[in-house]
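Just below is one structure, and these are the notes that go with it.
The values are calculated or read from the model by the stated rules, or taken from the named source; none is laboratory data. Keep in mind the model is a prediction, meaning the values are calculated, not measured. In this analysis, Cβ positions are derived from the backbone assuming ideal geometry, glycine residues included, and neighbour counts consider all displayed protein chains.
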Amino acid sequence: MGLLSKKDSKLILDPLADDNPITIQVLGICSALAITAQLKASIVMAISVLFVLGVGNVVISLMRNIIPSKIRIIVQLIVVATLVIIVDQVLKAFAYELSKELSVFIGLIITNCIIMGRFEAFALGNGPWRSFLDGIGNAAGYGVILIIVGFFRELLGSGTLLGFKVLGDPIAKTGLYSIGYENNGFMLLSPMALIIVGLIIWVQRSRNKALIEEN
Amino acid sequence: MGLKQNLHKLKEKYKGTKMAPAFNAIHTFLYLPNETTHSGGHVRAADDLKRTMNTVIMALVPCLIFGMFNAGYQYHLALGDIQAVSSGFFSSEFWNWDNLVIGLWKVLPLVIVSYGVGLAVEFIFAMIKGHEVEEGYLVTGMLVPLIVPIDIPLWMLTIAVIFGVVIGKEVFGGTGMNILNPALTIRAFLFFAYPTWMSGDKVWVHGAVERVGQPDAISGETILGSLAQSNPAGYDWLDMFYGFIPGSVGETSTLLILLGALFLIYSKIGSWRIMVSAVVGALIMGFIFNSVVDAGIITETSKFYGLMSTEFWQHLIIGGLAFGIVYMATDPVTASQTNKGKWIYGFLIGFISVLIRVFNPAYPEGVMLAILLMNVFAPTIDHYVIQGNIKKRMKRLKVKTA
């Protein structure tokens, strides 16, 4: 990476794997459970968080020296809320169906622990460029898990991917369904999202033993 | 040289390799191990984990055999080939070769898949982790075929067993560490993943699913299903008690479950405290519902009327309540450990089972959810029982010293 120094690229790459906000820090679980039944919703959510966290980190970082520390949480909330409203309005204008499907969960990005966490932990103490990279990296780490979970839940739960019937038609009994395969309804329920996240954590920690906490 | 000697030799040969646990498992399953404890004081007892498991399996065998006959009986009865039983428990309409053949044909594959898949998962985990294969699956493997509908596709059962053993047990550290009963985890997985195969009026009689929409369609609604729709049960209570009713493979015969319960209590494998308190809990909840109906609060127009007006003691002989109480609630790993805790744990299982049954017709088998729920709370119950005991004794200590 010629564009980024080694230290900077670490900011982006670490959250993707060994410092993943969902699987390692176990933040942002609520939305990972709520909206991952469909791959499309997962992708939109990932992009929305990418925007909010990337821009938000820069804004907070630019203001970091003038925010009085006593009211910094309120200032952070206002910044997130503004960005979330922008995302919400854009979705309503250009992807109304999708925005209806995601309903309240776009609004709930405000309460996503990853965002406040990065504002507090990183943007308040670092310059705008590094904060931007950190925001992008963490949002991408969040998005990757969301997309993995969404992929499996939609594939096994509805037999589709992004709405395409990749396993055949369950009503006309084509493809896999002709030999008796059936969709797994459990995949569409939130507990299964939790279990898939758990399995990802399991795989990740057994590949990299350094991640296993001691207790 | 017998098989035993050969196994001894193989065991020595593969000692320390990845395959060792597999050989050890076969060996200790079939014979007594050729090792003795070398040092230290130890408890002498003949009932190791394996013997405990085998006792439960022995208690389950009558249910399994009855389930096979019942599978064929329900099938032939639905087709109109035979008459309903008329002369008590030993009726010839029930105990005959035709019924058994259907039962063997349908039930044995369930048993084989359950054991084959479950033990394969256990073997794989034992080899990866390098510990001995645990006997924990022996009972689960027997319970699973008994608590599923007869026509459940085998691939669904395979997936559910893998899920149940891995997520329900191995991730917590294997046998003895699990929070939830693995057999019920498997059933709950099936129930939520493939509801069309686990509930409704088409799955309890062999052949009913494939006949849907055809002129010779047959239906076998369970009693709980009928009552939930406020239809009459259609069976007299002796049929329910003997078990000549549609239902999951092995849970219909309350008589045989009762025998199994006596055997488990006699051999001190199953906890009588849990069984008794669960029965009491179910009776009390049923009695409350009966009183509500008698008081005229719930009338025939209510959708709860059918199940609420069921005589309180009949809750014990319909559905899987008896089976769940005797064979699942008493699982020593997932139940409460303290004696006082067992009373609370059992009582709430019975109480909540009937509650779920009546108030949520979408989940006709409340006992599965009730036991899973109480499994989760069992450690909490134990904690408070133990803390209460400590407090009581601390008080006594203070009185003495003061």
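Here are the numbers for the structure shown:
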read-out: Enumeration of residues in the stretch B:336-365 that are at pLDDT 90 or above and of a type in the set (A, V, I, L, M); value: B:344, B:348, B:349, B:352
read-out: Pick from the stretch A:205-215, criterion within 14 Å of another protein chain (Cβ to nearest Cβ) and surrounded by 11 or more Cβ atoms within 10 Å (Cβ to Cβ), ranking: farthest from residue A:34 (Cα to Cα); value: A:206
read-out: Number of the condition not met by residue B:131 [criteria: (1) farther than 22 Å from residue B:61 by Cα; (2) more than 14 Å from chain A (Cβ to nearest Cβ); (3) surrounded by 16 or more Cβ atoms within 10 Å (Cβ to Cβ)]; value: (3)
read-out: Residue selected from the stretch B:248-303 under the condition outside any helix (DSSP H, G or I) and among the basic types (Lys, Arg), by the criterion modelled with the highest pLDDT; value: B:268
read-out: Identity of the residue in the stretch A:172-192, on the phi > 0 side of the Ramachandran plot and either part of a helix (DSSP H, G or I) or of a type outside the set (D, E, K, R) (or both), that ends up nearest to the chain's Cα centre (by Cα); value: A:175
read-out: Only one of A:60, A:12, A:22, A:66 that is crowded, with 18+ Cβ neighbours inside 10 Å, part of a loop (DSSP other than H, G, I, E, B) and out of contact with any strand residue (DSSP E or B) (no Cβ under 8 Å at 6 or more places or on another chain); value: A:22
read-out: Flag for residue B:124 being β-branched (Val, Ile, Thr) and within 13 Å of another protein chain (Cβ to nearest Cβ); value: no
read-out: Top-ranked residue in the stretch A:157-169 [being of a type outside the set (Val, Ile, Thr) and in contact with a Leu (Cβ under 9 Å, 6 or more places away or on another chain); ranked as surrounded by the most Cβ atoms within 10 Å (Cβ to Cβ)]; value: A:159
read-out: Qualifying position, being within 24 Å of residue A:162 (Cα to Cα), over 11 Å from the mean Cα position of the chain (by Cα) and buried (at least 17 other Cβ atoms within 10 Å of the Cβ), among A:37, A:32; value: A:37
read-out: Residue under evaluation residue A:186, criteria (1) touching a helix residue (DSSP H, G or I) at 6+ places or on another chain (Cβ under 9 Å); (2) surrounded by fewer than 17 Cβ atoms within 10 Å (Cβ to Cβ); (3) within 11 Å of chain B (Cβ to nearest Cβ), criterion not met; value: (2)
read-out: Any chance residue A:196 is away from every other protein chain (no Cβ under 14 Å) and either buried (at least 16 other Cβ atoms within 10 Å of the Cβ) or not β-branched (Val, Ile, Thr) (or both); value: no
read-out: Qualifying residue in the stretch A:123-130 (condition: without any contact (Cβ under 8 Å) to a residue 12 or more places away in the chain and not in a helix (DSSP H, G or I)); value: no
read-out: Within the stretch A:56-111, considering residues that are within 22 Å of the chain's Cα centre (by Cα) and basic (Lys, Arg), the one farthest from residue A:136 (Cα to Cα); value: A:100
read-out: Among the residues listed as B:176, B:164, the single one being out of contact with any Cys (no Cβ under 7 Å at 6 or more places or on another chain), more than 14 Å from chain A (Cβ to nearest Cβ) and of a type in the set (Gly, Ala, Ser); value: B:176
read-out: Test: residue A:42 is surrounded by 14 or more Cβ atoms within 10 Å (Cβ to Cβ), part of a helix (DSSP H, G or I) and without any contact (Cβ under 8 Å) to a residue 60 or more places away in the chain; value: no
read-out: Of residues in the stretch B:189-204 being surrounded by 24 or more Cβ atoms within 10 Å (Cβ to Cβ) and out of contact with any Phe, Trp or Tyr (no Cβ under 6 Å at 6 or more places or on another chain), the one farthest from the other protein chains (Cβ to nearest Cβ); value: B:204
read-out: Residue match in the stretch A:104-120 (condition: in contact (Cβ under 8 Å) with a residue 40 or more places away in the chain and aromatic (Phe, Trp, Tyr)); value: yes
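Listed here are the residues, each with its yes/no results for (1) touching a helix residue (DSSP H, G or I) at 6+ places or on another chain (Cβ under 9 Å); (2) under 30 Å from residue B:304 (Cα atoms); (3) of a type outside the set (Val, Ile, Thr); (4) surrounded by 14 or more Cβ atoms within 10 Å (Cβ to Cβ).
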site: B:360; (1), (2), (3), (4): yes, yes, yes, no
site: B:366; (1), (2), (3), (4): yes, yes, yes, yes
site: B:369; (1), (2), (3), (4): yes, yes, yes, yes
site: B:374; (1), (2), (3), (4): yes, yes, yes, yes
site: B:381; (1), (2), (3), (4): yes, no, no, yes
site: B:386; (1), (2), (3), (4): yes, no, no, yes
site: B:389; (1), (2), (3), (4): yes, no, yes, no
site: B:392; (1), (2), (3), (4): no, no, yes, no
site: B:396; (1), (2), (3), (4): no, no, yes, no
